[in-house]
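First comes the structure, then the notes that go with it.
Derivation of every value follows stated rules applied to the coordinates shown; laboratory data play no part. Values in this document were obtained by computation on a predicted structure and should not be read as measured data. Note: ideal-geometry Cβ built from the backbone for every residue, glycine included; neighbour counts use all protein chains shown.
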Amino acid sequence: MAMAMASVQLERQTSIQDSPRSPEAKLGMQVEDLWDVQEPELSPNEKLNACFESIPVSAFPISPQGIEIKSDASLAEAVQILAQNKILSAPIVDVDAPEDATWMDRYIGIVEFAGIAVWILQQSEPSSPRSPSSPNGAEFAITANGMVSAAGLGALGPEDASITSGDFFEALTSSEFYKNTKVRDISGSFRWAPFLALQKSNTFLTMLLLLSKYKMKSVPVLDLGDGKIDNIITQSAVIHMLAECTGLHWFESWGSKKLSEIGLPTMSPEHIITVYEDEPVLQAFKLMRKKRIGGIPVIECGGKKAIGNISLRDVQFLLTAPDIYRDYRSITAKNFLIAVRNYLEKHEKRSPMLSGMITCKRDETVKELIQKLDSEKIQRVYVTDEDGNLEGVITLRDIISRLVHEPRGYFGDFFDGVLPLPENSRV
C-alpha cells in the first residue's frame, strides 16, 4: 500500500507539473490520485470523505482578493468596498489593535452584505409612537447607541409608504447617520465574534462540512505565524473547483448522477419562501433575514411562476444606486427587479440579475447544475416543472452537503474555542 501511494504521489507530481490545467483542476487531480488507492470495499461517498480528509485546506487556491476593511470605516465606505470588489464579505481589522496582536485581537469579525441588510432592516422598522416619523421616511427610531430595537418582523403592507417609497434609500444614503456609522458599530450583525476560522493544517473535509452542514458561506484560513488571514474559501469557490474537475473519474462518477438520485431538491414546493411581485422589496429582505436564507423568488400575482430572484447581495443596489428608484411611487419587488436590470444594462455591468430566472429540471445531472451555477455566478437554482411552476430550490450548500458527510464525533471539541456571539447579535 505504501509503495502504491509513493508511486501515485510521484505520478501526481509529474502530471501536475506538466498539466496546463487550472489550480482547481490540479487540486481535483490530487483527489483523483487519492481516490485510486482507497480501499476497494469503501463506498464512493466514503472514498470521497477519505480523500478530502487527506488534503490540507492550505492546498486550496488562494483567493485573489485580500480585501480587509478597517473598523473605523463608515458603513457607506464598507458598502462601496464590497461592491467595487464584487465580494459578499470582508474581514474587519481593529485599527486599535497592536501590530503584534493575535488574530483574535486583530480582527473584530467579518462584515457581510447580509449583516448590512440586517442593520438596514433595523433602521427601516416603522417608527414607534415616541419617535416621530419624517415625511420622506428618513427619520428612524434610534436608541442611545445609534441602533434600532428590531422588535418584530411582521409583514409590510402598502400602508408602510415611508419605508417603501422610491426616495427612501436615497434619503438614507445621503444622511449623516448612514455616512457616520462605523463598521464596528454594527458588530451585532456579525455571525461570529470575531469569526470561526481554520488553520492551514485543517483538512478539506472540515472546510467542506463547515460550508455545508454548518451553513457558513465562507471560511477564513489563518496563518498563525503572523496572526493574519491567509485565504478565505467561499461556497462559490468550492463550486468553481468542482466545475474545473470535469473529466476526472471521481467527479464524473458523482457528477453524472441525476439531481433526484442524490435527493435534490430537499425542499417541497409548499415550503419555498416567496414574495409576490407587488409586495415591498423590503419584505423580501425581511423574509430572508427571518428565515436565514440567502435568496427568495419573486412570484407573479395570482400565479405560481417566478419572474425573478432577489438575493441578500442585491441589497447593494439599494445602497450604491438609490437614485434609480426615484420615479417609482413605491419600491415593490417587481419595481426593484426592473430598476436594477435597467441600471445594470445602462452601465454594462455583468450580474446574475441580467440572466433572468435561472432554473433547472429534476432530471438534470449534478455536473450540469454545477456548471450552470459556476458559469452564471449564482448561489441558487430553482427547480421547475414543465409549465414553469416552482418545485424546489437548490443552493450551493445543498450540493456540497451531498459531496461529503460528517463522521460520528468528527468535530469533537472543535467549536469549544469559538468565542460566543456578541450580546447584541441578531443574525
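Could you pull out the pairs from K86/K346; K70/K349; K346/K377; K215/K286; K217/K286; K70/K377 whose alpha carbons sit more than 23 Å apart here?
Numbers: K86/K346 18 Å; K70/K349 27 Å; K346/K377 20 Å; K215/K286 19 Å; K217/K286 19 Å; K70/K377 28 Å.
Distance filter (> 23 Å) returns K70/K349; K70/K377.
Extension gain F411-E53, at 0.36 nm per residue separation less the Cα-Cα distance, in nm?
This chain segment gains 127.6 nm when fully extended.
Distance cut-off 26 Å, Cα to Cα: go down the list K47/K361; K26/K47; K291/K367; K290/K372 and report the pairs above it.
Distance filter (> 26 Å) returns K47/K361; K291/K367; K290/K372.
Testing the spin-label approximation: label points 7 Å from Cα along Cα→Cβ at K377 and D226. State their distance in nm.
Label-label distance for K377 and D226, simple model: 2.8 nm.
Decide, for segment 191-331, between rounded, prolate and oblate: order the square roots of the alpha carbon gyration tensor eigenvalues as a ≥ b ≥ c, take rounded if a/c falls under 1.5, and otherwise choose prolate if a/b is larger than b/c, else oblate.
Judged from the Cα gyration tensor, segment 191-331 comes out oblate (a/c at least 1.5, b/c at or above a/b).
From the residues Q379, L390, V366, which one has its Cα farthest along the dipole of segment 326-405 in the positive direction, the dipole being from +1 and -1 charges on Cβ of Lys/Arg and Asp/Glu about the Cα centre?
Checked the options; the winner is Q379.
May I ask you to order 44-55, 170-181 by the average number of other C-beta atoms within 10 Å around their residues, highest value first?
Final packing ranking: 44-55, 170-181.
Treating only the Cα positions of segment 333-411 as identical point scatterers, give the base-10 log of I(q)/I(0) from the Debye formula at each q in 0.10, 0.11, 0.24, 0.25 Å⁻¹.
Result of the Debye calculation: -0.34, -0.41, -1.15, -1.19.
7 Å from Cα along Cα→Cβ at both D327 and K200: what's the point-to-point distance in nm?
The two pseudo-label positions are separated by 5.4 nm.
Quickly work out the Y214-to-D387 label distance, labels modelled 7 Å from Cα along the C-beta direction, and quote it in nm with one decimal.
4.4 nm
How charged is the neighbourhood of Y276? Take every other residue with its Cβ under 13 Å from the Cβ of Y276, and add Lys/Arg as +1 and Asp/Glu as -1.
So the surrounding residues net to -1.
Let me know the shape class of segment 176-248, please: from the alpha-carbon gyration tensor, a ≥ b ≥ c as square roots of the eigenvalues, rounded when a/c is under 1.5, otherwise prolate if a/b is greater than b/c, or oblate.
Judged from the Cα gyration tensor, segment 176-248 comes out prolate (a/c at least 1.5, a/b above b/c).
For V219, what residues show an amide H to amide H distance below 5 Å, using hydrogens built from the backbone and excluding near sequence neighbours?
Placed amide hydrogens put I233, T234 under 5 Å from V219.
Could you give the length gained on full extension between E270 and S175, defined as 0.36 nm per residue of separation minus the Cα-Cα distance, in nm? Could the numbers behind the result be given before it?
Values: separation 95, 0.36 × 95 = 34.20 nm, distance 4.09 nm.
Result: 30.1 nm gained on full extension.
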